[in-house]
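Colleague: First the structure, then my questions, so here it is.
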């Protein structure tokens, strides 16, 4: 026997018991985004490597250690996308969507990072991402955050908590960076190799270190709030007031800097204590300099992304269970001629009843085995085709969930009896 081919490490299958939770999340999110005026875009998973090195930052863990980067046959360096925002901005610039325009966009799909696989962290993972391009007002920051809060409410999630911070403009961060250089230089002997390398070029990245040995020295580092420029401070206060007005609670986290270099001013994370070490389930912020950084004009922008796998874990842990998707009817046929007739009947019923869930029994199984499978499937009815039904050109309909007699019906009568009940969300 040939050896089984196993999946690539960190690349997981989504099986039928999980798929309904994915469907619920994606359907709820798509309807919500549309209600706020966000339109969907679909983007390639493969981009030029420079898109991410220029946007995310060369000294971030993502670019330095985690990207799936390789040369194609033409010798061009390409990368499987590790996040969505840079691709959305690139698409806006490539397709002329940002010149004297405002865009509210969202996208969904797989992302790739070569991290150490663990619960809630995979090498292929999936995100929903929303981006508002061309909007400078704090009202849009607040709208995006309020929209995420509404998504949790509609999904029935209660364990997520919002953390907020402002990291100001690129100009205001320069003075703070110098303060960090001086502070961390005084503790150089305990810094790890990555932190020493980042000390001179981008000390903010040290604050984002996950090394537990640096936890105390990072906790004692000077706070950025004392170096925040007046305009960013006013913007951030406005965001807080707007969220308070609509009842979105939050906690200020002065250590929140986010792991991508393109962020500015408002940054935020939704976190939970239900997923162990992987506490962040949705993260985002403002990135006013990114469009210009990628070759466009100065364009304010803000957005967020959620991890689908992590939200699905929360849905399974604390939200209303997804009902199993049972068929409306299950076709049972006795022999070859009966199966052929049953196949035709099934397609005719689907024509008459759009949305009908109709399964056909496996032809290798005997008649009684097919009936047992019909009952096990959860179907409301078994549609039986035997010699009598074939000769009469009719179908026997056997209720499986109610104590009612089996009926021999014509096609129209069968369709009327089956109907299609409204589907729950």
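The values are calculated or read from the model by the stated rules, or taken from the named source; none is laboratory data. Remember, it's a predicted structure, so these values are computed and weren't measured experimentally. Glycine also receives a Cβ, built like all others from the backbone with ideal geometry; neighbour counts cover every protein chain displayed.
Colleague: Before we move on, is residue 269 in contact with a strand residue (DSSP E or B) (Cβ under 7 Å, 6 or more places away or on another chain) and either outside any strand (DSSP E or B) or surrounded by fewer than 24 Cβ atoms within 10 Å (Cβ to Cβ) (or both)?
Modeller: Yes.
Colleague: So which residues in region 246-266 are in a strand (DSSP E or B), in contact with a helix residue (DSSP H, G or I) (Cβ under 6 Å, 6 or more places away or on another chain) and surrounded by fewer than 21 Cβ atoms within 10 Å (Cβ to Cβ)?
Modeller: none
Colleague: Going through region 176-188 one residue at a time, which ones are closer than 12 Å to residue 227 by Cβ and surrounded by 14 or more Cβ atoms within 10 Å (Cβ to Cβ)?
Modeller: Scanning region 176-188 gives 176, 177, 179, 180.
Colleague: Need at least 2 residues that are surrounded by fewer than 16 Cβ atoms within 10 Å (Cβ to Cβ) per element, so show me which helices (runs of 4 or more DSSP H) inside region 191-245 make the cut, counting only ones lying wholly within it.
Modeller: 193-201, 215-219, 230-245
Colleague: Considering only region 275-296, state which residues are outside any strand (DSSP E or B) and within 24 Å of residue 142 (Cα to Cα).
Modeller: 279, 287, 288, 289, 290, 291, 292
Colleague: Looking at region 149-172, can you tell me whether even one residue there is closer than 23 Å to residue 222 by Cβ, in a helix (DSSP H, G or I) and touching a strand residue (DSSP E or B) at 6+ places or on another chain (Cβ under 8 Å)?
Modeller: Yes, there is a match, as at least one residue in region 149-172 is closer than 23 Å to residue 222 by Cβ, in a helix (DSSP H, G or I) and touching a strand residue (DSSP E or B) at 6+ places or on another chain (Cβ under 8 Å).
Colleague: So, one more: Considering only region 22-39, how many residues are loosely packed, with under 12 Cβ neighbours inside 10 Å and touching a residue at least 12 places away in the same chain (Cβ under 8 Å)?
Modeller: Selection size over region 22-39: 3.
Colleague: Sticking with this one: Given the options 279, 249, 283, 264, name the one that is free of Cβ contacts under 8 Å to residues at least 12 places away in the same chain and in the same structural domain as residue 152 (by TED's automatic domain parsing).
Modeller: Result: 279 is the single residue among 279, 249, 283, 264 that is free of Cβ contacts under 8 Å to residues at least 12 places away in the same chain and in the same structural domain as residue 152 (by TED's automatic domain parsing).
Colleague: Report, by residue number, each residue of region 1-21 that is surrounded by 15 or more Cβ atoms within 10 Å (Cβ to Cβ) and either out of contact with any helix residue (DSSP H, G or I) (no Cβ under 6 Å at 6 or more places or on another chain) or under 26 Å from residue 140 (Cβ atoms) (or both).
Modeller: Residues satisfying the conditions are 10, 12, 18, 20.
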